[in-house]
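A.B. asks: Take a look at this one; I'll ask things after.
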Amino acid sequence: MTLRLLVRDVAVEAEIGVNPEELFGPQTLLISLEVTVVPPADPSRDDLSCVVDYARCLTYLHEEAGRQRLRLLETLAHRIAVRCFDDLRVESVRVIITKPSLLPGTAAVGVDWHFLRDIVSH
């Protein structure tokens with residue numbers, strides 16, 4: 001049985017990028033998370049402490065996006081995933097980050113990276 005926690009298209013302001021037009025302040029990113037977790041032993045308990053709280057993952061996302069200026073979306077994706085793995089029930093994390101309308105003729109550009117607990121270095 002697989003349980004995935006979903007956080008979709010969270011708009012955040014971040015100072016990130018390498019192109020000259022990206023160096024003069026924050027830009028909007030859309031970030032989505034798909035977190036595969038160990039399912040609760042007894043889902044009928046209806047108890048938040050028995051599951052991974054998506055609000056905590058959302059907090060990690062916001063904290064990492066605002067922490068410091070970065071050049072690469074890949075670096076931000078990795079940092080968010082590492083934070084999500086703080087909860088031992090998390091088995092994998094997929095981080096999708098897009099920059100809407102950055103390049104002419106595109107709706108968005110970005111990265112989609114799937115991290116596995118056993119492979120991610122902290």
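A.B. asks: I'm checking my understanding of the structure. Among residues of region 29-41 that are at pLDDT below 95 and out of contact with any Lys or Arg (no Cβ under 7 Å at 6 or more places or on another chain), which one is surrounded by the fewest Cβ atoms within 10 Å (Cβ to Cβ)?
C.D. replies: Applying the filter and picking the extreme gives Ala41.
A.B. asks: Test of understanding: among Asp53, Asp42, Asp46, which residue is closer than 21 Å to Arg94 by Cβ and of a type in the set (Asp, Glu)? Explain how you work it out, then say what you get.
C.D. replies: Working: Asp42 fails: closer than 21 Å to Arg94 by Cβ; Asp46 fails: closer than 21 Å to Arg94 by Cβ.
Unique residue meeting the criteria: Asp53.
A.B. asks: A further question on this structure: Glu13 versus (1) out of contact with any Pro (no Cβ under 9 Å at 6 or more places or on another chain); (2) part of a strand (DSSP E or B): which is the lone unmet condition?
C.D. replies: (1)
A.B. asks: Something else now. Filter region 16-28 down to the residues that are assigned to a loop (DSSP other than H, G, I, E, B) and at pLDDT 90 or above, then identify the one that is surrounded by the fewest Cβ atoms within 10 Å (Cβ to Cβ). Step through it out loud before you land on a result.
C.D. replies: We begin by selecting, within region 16-28, every residue assigned to a loop (DSSP other than H, G, I, E, B); these are 17-19, 23-26.
Right, trim to at pLDDT 90 or above and you get 17-18, 26.
Numbers: Gly17: 20, Val18: 9, Pro26: 15.
Once the filter is applied, the top-ranked residue is Val18.
A.B. asks: Moving to a separate point now. Taking Asp86, is it in a loop (DSSP other than H, G, I, E, B), among the charged types (D, E, K, R) and exposed (fewer than 14 other Cβ atoms within 10 Å of the Cβ)? Outline the logic, then answer.
C.D. replies: Values: in a loop (DSSP other than H, G, I, E, B): yes; among the charged types (D, E, K, R): yes; exposed (fewer than 14 other Cβ atoms within 10 Å of the Cβ): yes.
Answer is yes for this residue.
A.B. asks: Looking at region 58-81, which of its residues are more than 17 Å from Asp112 (Cβ to Cβ), in contact (Cβ under 8 Å) with a residue 40 or more places away in the chain and part of a helix (DSSP H, G or I)?
C.D. replies: If the condition is that a residue be more than 17 Å from Asp112 (Cβ to Cβ), in contact (Cβ under 8 Å) with a residue 40 or more places away in the chain and part of a helix (DSSP H, G or I), then Leu58, His62, Gly66 are the ones that fit.
A.B. asks: Identify the residue in region 42-57 that is surrounded by 13 or more Cβ atoms within 10 Å (Cβ to Cβ) and assigned to a helix (DSSP H, G or I) and, among all such residues, is modelled with the lowest pLDDT.
C.D. replies: Ranking the qualifying residues of region 42-57, first place goes to Cys50.
A.B. asks: Is there a residue being in contact with a helix residue (DSSP H, G or I) (Cβ under 8 Å, 6 or more places away or on another chain), small (Gly, Ala, Ser) and buried (at least 18 other Cβ atoms within 10 Å of the Cβ) anywhere in region 59-70? If you could, list the steps in order and put the result at the bottom.
C.D. replies: Going residue by residue through region 59-70, those that are in contact with a helix residue (DSSP H, G or I) (Cβ under 8 Å, 6 or more places away or on another chain) are 60-61, 63-65, 67, 70.
Within this subset, residues satisfying the condition of being small (Gly, Ala, Ser) are 65.
Remaining after also requiring buried (at least 18 other Cβ atoms within 10 Å of the Cβ): 65.
Checked against the condition, which is being in contact with a helix residue (DSSP H, G or I) (Cβ under 8 Å, 6 or more places away or on another chain), small (Gly, Ala, Ser) and buried (at least 18 other Cβ atoms within 10 Å of the Cβ), region 59-70 yields at least one hit.
The values are calculated or read from the model by the stated rules, or taken from the named source; none is laboratory data. This one's a predicted model, so the numbers in the text were calculated from it and none came from an experiment. All Cβ positions, glycine included, derive from the backbone under ideal geometry; neighbour counts span all protein chains shown.
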